[in-house]
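Please read the structure below before turning to the comments.
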Amino acid sequence: MLFDTLRNYTASMLEAIYQHPFNQELIKGTLPLDKFTYYLEQDILYLNDFSKALALIAVRLPLQEHRECFLRFANESIQSEKQLHYTFLHQYSLFDAEQKEQSPFCFIYSNYLLKLAILGTVEEAIASLVPCFWVYQQVGQQALMKSRSNINNPYQVWIDLYASPEFDHSVTLAVKIFNELASDCSAQQHEKMIAAFKRSMQLEWNFWQGAYSLENWGISHLQPELINT
């Protein structure tokens, strides 16, 4: 199975994500609140585009059962994640998605997924999406084992979501479809799938890093005279 090959191939990348200070501090409950809320705000914006990519790919899938599965991901699974994000944010601050702007790390990742969903082969498009499912499953499951000793972890609800049987089921389905499509691919198509999977793993790490460093565009305002010309 191609996924098993990729899981071994990117094992060091997954470990780097898990060992990232953002995730290690989240597990301990010591992650500064401003870093976590910034991450949640950006993840909501990312999930909006991730859901679009899922829907775009769904209509391109040849099998009806695969199409239905990806549409459920786009509608049900993503909504549960966003709802948790909104609930947490509303406890501490007001969040208006219309007033928020994607950060560089969110913009790059989101646009990469949308580009492949539209212009890539359906196989490499799916390969670009699977790491998001898989990485969160793995981080959530490992975090759950480590966080049980901290009964006052403010981020436990986030950990519980990604370590839940429901999320695990979604990941299993996504990987199953990935492998089924890969089984009918040529060696050249496999190369494209591997490249897409690897790039998304890199972008996953950059998402955590960008949130941890509160990365922004640096320059975001035009001079008034430029706006009015």
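Bear in mind that the values in this text are calculations on the coordinates, not laboratory data. Quick caveat: nothing in here was measured; it's all calculated off a predicted structure. Cβ: placed from backbone, ideal geometry, glycine included. Neighbour counts: every protein chain shown.
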*Using a Förster distance of 35 Å, the FRET efficiency for GLN64-LYS115 (Cβ separation, nearest 0.05)*: 0.85
*Karplus (6.51, -1.76, 1.60) ³J(HN,Hα), θ = phi - 60°, over the range 168-180, in Hz, Gly and Pro reported as x*: 4, 5, 4, 5, 4, 5, 4, 5, 4, 5, 4, 5, 5
*asked:* I need the phi-derived Karplus couplings for the range 65-79: 6.51 cos²θ - 1.76 cosθ + 1.60, θ = phi - 60°, integer Hz, Gly and Pro marked x.
replied: 5, 5, 4, 5, 5, 5, 5, 5, 4, 5, 9, 8, 5, 5, 4
*Among the lysines, select those whose C-alpha is under 16 Å from the C-alpha of LYS192, and discard any that sit fewer than 8 residues away in the same chain.*
LYS115
*For the range 127-136, take each phi angle, set θ = phi - 60°, evaluate the Karplus expression 6.51 cos²θ - 1.76 cosθ + 1.60, and give the result in whole Hz per residue in order, putting x for glycine and proline.*
4, 6, 8, 4, x, 4, 4, 5, 4, 5
_Ignoring everything except DSSP H segments at least 4 long, calculate the 222 nm mean residue ellipticity for the chain; use -39,500 (n - 2.57) per segment, divide by total residues, nearest 500._
-24000 deg cm²/dmol
*How many angstrom separate the Cα center of the range 15-47 from the Cα center of the range 155-215?*
17 Å
_Testing the spin-label approximation: label points 7 Å from Cα along Cα→Cβ at ASN152 and ALA11. State their distance in nm._
3.9 nm
*Identify all lysines with a Cα-Cα distance to LYS146 below 25 Å; exclude those on the same chain that are fewer than 8 residues away in sequence.*
LYS28, LYS35, LYS82
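Assuming a ≥ b ≥ c are the square roots of the Cα gyration tensor eigenvalues, decide whether the chain counts as rounded (a/c under 1.5), prolate (otherwise, with a/b larger than b/c) or oblate. Before the final figure, lay out the partial values.
Numbers: a/c = 1.69, a/b = 1.21, b/c = 1.40.
The shape class here is oblate.
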_Simple label model, 7 Å out from Cα along Cβ direction - ASP34 to TRP217, nm_ = 2.1 nm
